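Here it is: the structure, laid out below.
Each reported figure results from applying straightforward, stated rules to the coordinates on display, with no laboratory input. Because the structure is predicted, anything quoted here is derived from the model rather than measured. Here Cβ is always computed from backbone atoms with ideal geometry, including for glycine, and neighbour counts include all displayed protein chains.
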Amino acid sequence: MPYPVIPTQVKCPQCGRSFVAEITTIIDLGEDPERKERLLRGQINRAVCPDCGAGGLLSSPLLYHDPAKELLLTYMPPELGLSSDDQERFLGRLVTTVMDSLPPEQRKGYFLRPRTLLTFESLLDTILEADGISKEALQAQRRRMTLLNQFIAAVDDDATLDQLVAEHKAELNYEFFLLLAELIEAEREQGETDDAIERLRSKLLARVDLAVPHAAPADASYDQVADLLLESLGSDAWRANVALNFERLDYGFFQRLTARIDAAEGDERQRLTELREQLLQELDAIRNASQQAQDEAALLIMQLLEADDLAAIAAEHLREYDEAFFVVLQRYLRAAQQKGDTRRVERLQALMEAVRDAMESQLPPSLQLITRLARTWTPAESNAVLEAQRALLDDAFLQQFDAYLDSVKEHLAGEELARLQQIREQAQAKMAIQRG
């Protein structure tokens with residue numbers, strides 16, 4: 001049974017209003033594993049003033065227990081001003097409370113040496129490091145959160161927002177928008193009504209072009225795979241696109257790419273040559289990736305394949321999909337195809353689609369639609385996608401589609417660009433029909 005929260009009277013530092021907030025002092029994953037995610041999202045010991053909306057984390061002692069990892073962490077905010085003896089007594093009572101709730105065989109030696117963290121930030125870092133997340137990844141996430149707070153503060157000040165976008169445009173990538181989507185979803189789950197993050201996402205999407213990684217269709221030609229990669233060359237989606245299409249980059253692919261280079265002239269020849277050079281560098285980096293990363297990816301794929309509901313479990317592991325994951329998954333898929341193992345091919349393809357859908361689900365609906373349309377290869381396919389999403393077809397969608405076209409037109413072959421223009425015409429025709 002989860003440890004109960006403690007109702008506590010607090011006073012808003014902004015407007016002076018007193019109200020009751022809930023304080024958590026013990027998080028025991030053995031009793032309530034869902035609290036870990038809430039802690040990492042900043043939803044534990046967080047108070048929001050019902051009058052002025054000001055909010056933040058409350059200074060409160062906390063004990064974190066993960067029995068599966070034999071991890072026992074304690075945190076005492078220095079601003080509470082407790083003496084060393086008082087801190088030791090208080091945290092000791094928390095440790096004793098957890099230990100006494102366990103059967104004797106689970107009271108292991110690590111309870112005698114809890115690790116005390118000096119800052120709340122270091123507490124979160126220690127939890128994530130125990131999950132195998134590197135310090136570099138943690139630092140990158142912290143930078144994104146710092147940047148996010150800057151943008152939220154300026155969400156209603158367009159001049160300041162424009163300045164921040166100009167200064168940090170390179171950082172407004174797929175990972176940043178994925179963070180926004182996760183925070184929005186978390187707020188919805190908690191029933192919170194503050195729409196600042198949603199408003200921020202809408203304003204940012206109107207100011208930046210977001211590159212989204214995707215794999216070429218199974219029947220795509222070498223030229224189509226190359227054009228897809230050309231589209232993302234130099235963008236945030238580059239590495240993920242190479243990983244997603246890794247198994248297609250065989251000897252035949254490079255033979256065809258070299259033939260295109262030999263036949264091309266001017267800027268086209270330069271672009272294709274750069275693509276080949278960048279691909280060779282990226283493939284070397286992938287092949288030299290640590291074996292541990294690929295082993296972990298293989299274990300994750302095995303775990304996902306055992307699930308009855310691929311869509312649900314793919315969504316649960318959303319943050320674990322990296323280049324190694326897609327490389328291993330594509331390798332398994334190619335091996336199954338070569339062996340003629342139809343059942344395994346279908347299962348692996350279903351997993352690939354579930355992971356792709358889970359990643360796309362974090363995007364705004366209009367961007368999800370653009371991504372699906374970009375994967376279609378015939379007018380009939382794009383028409384079916386548009387028909388299923390008629391409710392999203394409005395002037396704002398066309399503006400976003402035009403922004404997408406502007407961002408990719410310099411990297412696409414004429415045939416591919418014409419296909420996207422045709423999709424735009426299809427969407428515009430459906431909108432005209434809807435308006436009567």
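What is the spin-label model distance, in nm, from Gln255 to Met431 if the labels are put 7 Å beyond Cα along the C-beta direction?
Rounded to a tenth, the inter-label distance reads 4.6 nm.
For the stretch 18-33, take each phi angle, set θ = phi - 60°, evaluate the Karplus expression 6.51 cos²θ - 1.76 cosθ + 1.60, and give the result in whole Hz per residue in order, putting x for glycine and proline.
With the stated coefficients, the stretch 18-33 comes to 8, 7, 9, 10, 9, 10, 10, 10, 9, 10, 10, 5, x, 9, 8, x Hz.
Rounded if a/c is under 1.5, else prolate if a/b is larger than b/c, else oblate: which is the stretch 247-390, with a ≥ b ≥ c the root eigenvalues of its Cα gyration tensor?
oblate
Still on this structure, please answer the following. In whole Hz and in residue order, list the ³J(HN,Hα) couplings for the stretch 333-350 that follow from phi through the Karplus curve 6.51 cos²θ - 1.76 cosθ + 1.60, θ = phi - 60°; x for Gly and Pro.
Those phi angles translate into 5, 5, 4, 5, 5, 5, 7, x, 7, 4, 4, 5, 4, 5, 5, 5, 5, 5 Hz.
What's the Cα-based Rg to Rh of the chain, Rh via Kirkwood?
1.01
Moving on. For a test of the definition: using alpha carbon positions, the gyration tensor, and the 1.5 limit on a/c, classify the stretch 135-205 as rounded, prolate or oblate.
Judged from the Cα gyration tensor, the stretch 135-205 comes out oblate (a/c at least 1.5, b/c at or above a/b).
Which of the pairs Lys135/Lys339; Lys203/Lys430; Lys69/Lys203; Lys69/Lys135; Lys69/Lys339; Lys36/Lys108 have their Cα atoms more than 30 Å apart in this structure?
Going by Cα-Cα distance, Lys135/Lys339; Lys69/Lys203; Lys69/Lys339 fall outside the 30 Å limit.
Can you list residues from other chains, or at least 5 along the same chain, whose modelled amide H is less than 5 Å from the amide H of Leu71?
Residues meeting the amide H criterion: Asp66.
Distance in nm between label sites at Arg271 and Asp157, each 7 Å beyond Cα in the beta-carbon direction?
4.1
If we sort 128-136, 30-38 on the protection proxy, mean other Cβ atoms within 10 Å, highest first, what's the order?
Averaged packing, sorted descending, gives the order 30-38, 128-136.
Per 0.36 nm of contour for each residue apart, how much would the distance between Glu415 and Glu182 grow if the chain were fully extended, relative to their Cα-Cα spacing?
80.2 nm
Next up: Mind checking which of Thr74, Ser366, Val95 is farthest towards the positive end of the chain's charge dipole, using Cβ charges of +1 (Lys, Arg) and -1 (Asp, Glu) about the Cα centre?
Sorting the options by dipole projection puts first Val95.
In the Gaussian network model of the chain, springs joining C-alpha atoms below 10 Å, which of Pro50, Pro104, Pro61 carries the largest mean-square fluctuation?
Sorting by GNM fluctuation, first place goes to Pro104.
What is the distance in Å between the Cα centroid of the stretch 73-101 and that of the stretch 357-411?
Value for the Cα centre distance between the two parts: 53 Å.
Thr116's amide H: which non-local residues (gap 5+, or another chain) put their own amide H closer than 5 Å, with H modeled 1.01 Å from N in plane and none for Pro or chain starts?
HN-HN under 5 Å from Thr116: Thr74.
May I ask you to compute the full-extension gain from Ala54 to Leu71, defined as 0.36 nm times their residue separation minus their alpha-carbon distance, rounded to one decimal in nm?
Separation in residues times 0.36 nm, less the Cα-Cα distance, equals 2.7 nm.
Let me ask you something else. If you take the charge dipole of the chain about its Cα centre, with +1 on Lys and Arg Cβ and -1 on Asp and Glu Cβ, which of Leu249, Leu393, Leu124 is farthest toward its positive end?
Leu124
Amide H to amide H, which residues 5 or more places from Arg17 or on other chains are under 5 Å from it, using H placed in the peptide plane?
Those qualifying (amide H under 5 Å, at least 5 residues apart or on another chain) are Cys12.
Same structure again: Rounded to the nearest 10 degrees, what's the angle between the helix 174-189 long axis and the longest principal axis of the chain, both from Cα atoms, 0 to 90?
Long axis of 174-189 versus the principal axis of the chain: about 50 degrees.
Give me a comma-separated list of calculated 3J(HN,Hα) values for the stretch 93-109, in order, Karplus coefficients 6.51, -1.76, 1.60 applied at θ = phi - 60°, integers in Hz, x for any Gly or Pro.
5, 5, 4, 5, 4, 5, 5, 5, 7, 9, x, x, 5, 9, 8, 8, x
Moving on. Do you know the relative contact order of the stretch 6-130, to the nearest whole percent, from alpha carbon pairs under 8 angstrom that are 6+ apart?
Over the stretch 6-130, the number comes to 20 percent.
Classify the stretch 228-269 as rounded, prolate or oblate from the Cα gyration tensor: take a ≥ b ≥ c as the square roots of its eigenvalues, call it rounded if a/c is under 1.5, otherwise prolate when a/b beats b/c and oblate if not.
Oblate, since a/c reaches 1.5 and b/c is not below a/b.
To continue, here is another question. How much length would be gained if the chain were fully extended between Asp284 and Tyr110, taking 0.36 nm per residue of separation minus their Cα-Cα distance, in nm to one decimal?
The Asp284-Tyr110 span can extend by a further 58.4 nm.
How far apart, in nm, are two points set 7 Å out from the Cα along the Cα-to-Cβ line at Glu175 and at Val10?
Here the answer is 3.0 nm between the modelled labels.
While we're looking at this one, here's another question. May I ask you to sort Cys49, Cys15 by Cβ crowding, counting other Cβ atoms within 10 Å and putting the fewest first?
Cys15, Cys49
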